[in-house]
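Contents: one structure, followed by commentary.
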Amino acid sequence: MSSEKAAALFVVDLMQPGDLPEILAIEASSFRTPWTGGMFQDELQAPHARCLVVRAQQAEKARIAAYIIFWLVADEVHLHNIAVCVDFRRQGLARNLMKLMRDIALAAGAGRQTLEVRESNTGAITLYHRCGFVVKGKRPRYYDDTREDALVMWAEVRQNGHHE
Ligand SMILES: CC(C)(COP(=O)(O)OP(=O)(O)OC[C@H]1O[C@@H](n2cnc3c(N)ncnc32)[C@H](O)[C@@H]1OP(=O)(O)O)[C@@H](O)C(=O)NCCC(=O)NCCS
C-alpha cells in the first residue's frame with residue numbers, strides 16, 4: 001500500500017450527476033460490460049434507488065473511491081451495482097458500503113437483501129458471504145456477454161443488525 005493511500009480520508013456522500021465521468025472510468029476498469037452514463041442517470045432519478053459514493057480525500061483533492069446503488073422495494077433491498085476503484089481495493093470499502101446498505105434498508109423496514117453475481121466473480125462472492133449472503137438460486141446464461149450463469153444470493157437481517 002502506498003503512503004498516499006494510507007493518508008486518504010473516506011467520506012460517504014450522495015452520488016451526483018457530476019460524479020459520472022469518474023464513476024464511468026471505475027466501471028470500465030471493473031466490469032466486462034460496464035454500465036453506460038444513461039444507466040446511471042436512470043438510477044439517479046429512480047424513486048426507489050439509493051446511490052452513494054465514497055469520496056477519498058487526499059492532499060486536498062477528492063476522488064471517487066467506490067460507489068453502491070441499491071433499490072428499496074417493499075421489505076426487500078436489491079443490490080444493483082457496487083465497485084471500488086482499483087487503487088482503493090482490499091481496504092474494507094465494499095464491506096462498509098454493504099453494511100451501510102443494510103442499515104439504510106433496515107431503517108426503511110427492509111430486512112431481506114438480494115443480489116445477482118457472476119459465478120466466476122469469486123472476490124465478490126467471498127465479500128457477499130462475509131456479509132451474510134447465501135446462494136439461493138441460479139439464473140442460467142444470465143449475462144449476454146459470456147452466457148455465464150448468475151448466482152442469486154439472499155441475506156435476511158433482523159432489526160438488531162445480526163444476520164439470521
Ligand atoms: C468486489 C469488490 C467490490 C470488493 O471491493 P473491496 O473494497 O476491495 O472489498 P473489501 O476490502 O471490503 O473486502 C472485504 C472482504 O471481501 C473479500 N474480498 C474482497 N475482494 C476479494 C478478492 N478480490 N478476492 C478474494 N476475496 C475478496 C475478502 O474476504 C475481504 O476481506 P479481507 O480483505 O480482510 O480478506 C471490488 O473488488 C470490485 O470493485 N470489483 C469489481 C466490480 C465487481 O465485481 N463488483 C461486484 C459485482 S456483483
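The values are calculated or read from the model by the stated rules, or taken from the named source; none is laboratory data. Keep in mind that this is a model prediction, so the values were computed, not measured. Backbone-built Cβ (ideal geometry, glycine too); neighbour counts: all protein chains shown.
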Test: residue in segment 84-94 that is of a type outside the set (S, T, N, Q) and more than 9 Å from the ligand (Cβ to nearest atom): yes
Keeping to segment 86-110, report how many residues are farther than 14 Å from residue 123 by Cα and not small (Gly, Ala, Ser). 12
Segments classed as strands (runs of 3 or more DSSP E), wholly inside segment 1-120, with at least 3 members that are buried (at least 20 other Cβ atoms within 10 Å of the Cβ), aliphatic (A, V, I, L, M) and modelled with pLDDT of 95 or more: 49-58, 61-73, 76-84
Considering segment 136-152 alone, what residues qualify as being within 13 Å of the ligand (Cβ to nearest atom) and either within 14 Å of residue 76 (Cα to Cα) or β-branched (Val, Ile, Thr) (or both)? 152
From 100, 79, residue being closer than 24 Å to residue 16 by Cβ and in contact with a Phe, Trp or Tyr (Cβ under 8 Å, 6 or more places away or on another chain): 79
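Residues are listed down the side, and each one gets a yes or a no for (1) of a type in the set (A, V, I, L, M); (2) farther than 21 Å from residue 12 by Cα; (3) near the ligand (Cβ under 10 Å from one of its atoms):
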residue: 77; (1), (2), (3): yes, no, no
residue: 103; (1), (2), (3): no, no, no
residue: 111; (1), (2), (3): no, yes, no
residue: 125; (1), (2), (3): yes, yes, yes
residue: 128; (1), (2), (3): no, no, yes
Residue count for segment 30-52, restricted to those that are within 16 Å of the ligand (Cβ to nearest atom) and either farther than 17 Å from residue 83 by Cβ or touching a residue at least 40 places away in the same chain (Cβ under 8 Å) (or both): 6
Checked against (1) among the charged types (D, E, K, R); (2) closer than 17 Å to residue 13 by Cα; (3) in contact (Cβ under 8 Å) with a residue 12 or more places away in the chain, residue 149 satisfies every condition except (2)
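Is it true that residue 55 is within 16 Å of the ligand (Cβ to nearest atom) and farther than 22 Å from residue 152 by Cβ?
yes
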State whether the residues of segment 108-116 include one that is of a type in the set (A, V, I, L, M, F, W, C) and farther than 25 Å from residue 142 by Cα. yes
Only residues in segment 95-106 that are more than 13 Å from residue 158 (Cα to Cα) count as the first member; pair them with residues that are β-branched (Val, Ile, Thr) and more than 14 Å from the ligand (Cβ to nearest atom), Cβ under 7 angstrom, at least 6 apart or cross-chain, and list the lot. 101/77
